[in-house]
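Have a look at the structure below, then the notes.
FYI, it's all coordinate maths here, none of it is from the lab. Note that the coordinates shown come from a computational prediction; the quantities given were computed from them, not determined experimentally. Because the Cβ atoms are built from the backbone with ideal geometry, glycine has one as well, and the counts that use them run over all protein chains shown.
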Amino acid sequence: MRFRRRDRLPDDIRASLPTERGERVLTAGRATDDRWVVATDRALIDGTRRTPWTDVVHAQWYDEERVLEVDLLPGDEPSYLLALAEPGRVPETVHERVMASIVLSRRVALPGGGGARLVARRGDGADLAWQVVPDTGTDLDAPEVQAAVTAALTDLRSELA
């Protein structure tokens, strides 16, 4: 993925980004408040907020409103909206990077009528990060639900071994 000329980040903005060693900027856009929104190979950076791709459960671009909705893992920071005056290729890149982080995703039914999506994600390292994204109303603290989630995770881990 290459920058187009109008997506080029000013050097002072690039230097101020909270990036990690070896992290590559993929694309950038401008928010309606004139901030830069940057997609790297590892995270979405909005001002000083850095959201690793593995923390994004879902992202949705609303073209008519020119808004990117970023849904995060339950229990993390609240989900947020980014209003983009000049989106560049940010919406497409966000979608691609979130999807690329997913190694396996499986929905499981849980005791009590609820369910959850179990997701194996690959971040920067070689190890997989396992996530449990519960359906609304599913109580992950209930002992029988915890036991079912643990058993399902064990089965999924063995599939990837």
If each K or R counts +1 and each D or E counts -1, the residues other than Asp124 whose Cβ falls under 10 Å of its Cβ total -2
Under 13 Å from the Cβ of Arg21, count the other residues' Cβ atoms, weight Lys and Arg +1, Asp and Glu -1, and hand me the total.
-2
Relative contact order, percent, of the chain when contacts are C-alpha pairs under 8 Å separated by at least 6 residues?
15 percent
Within the stretch 53-95, which GluC sites (Glu not before Pro) sit in a loop by DSSP and count at most 16 neighbouring Cβ atoms inside 10 Å?
Glu64, Glu65
Treating the Cα atoms of the chain as identical point scatterers in vacuum, please give the log10 of the normalised Debye intensity I(q)/I(0) at q = 0.08, 0.14, 0.19 Å⁻¹, two decimals.
-0.28, -0.76, -1.15
For Gly114, what is the net charge nearby, where nearby means another residue's Cβ is under 9 Å from its Cβ and Lys, Arg count +1, Asp, Glu -1?
-2
Taking Cα atoms, the helix 143-160 axis meets the longest principal axis of the chain at an angle in degrees (rounded to 10) of 70 degrees
Against the longest principal axis of the chain, how steep is helix 90-101, in degrees 0 to 90 to the nearest 10, with axes from Cα atoms?
30 degrees
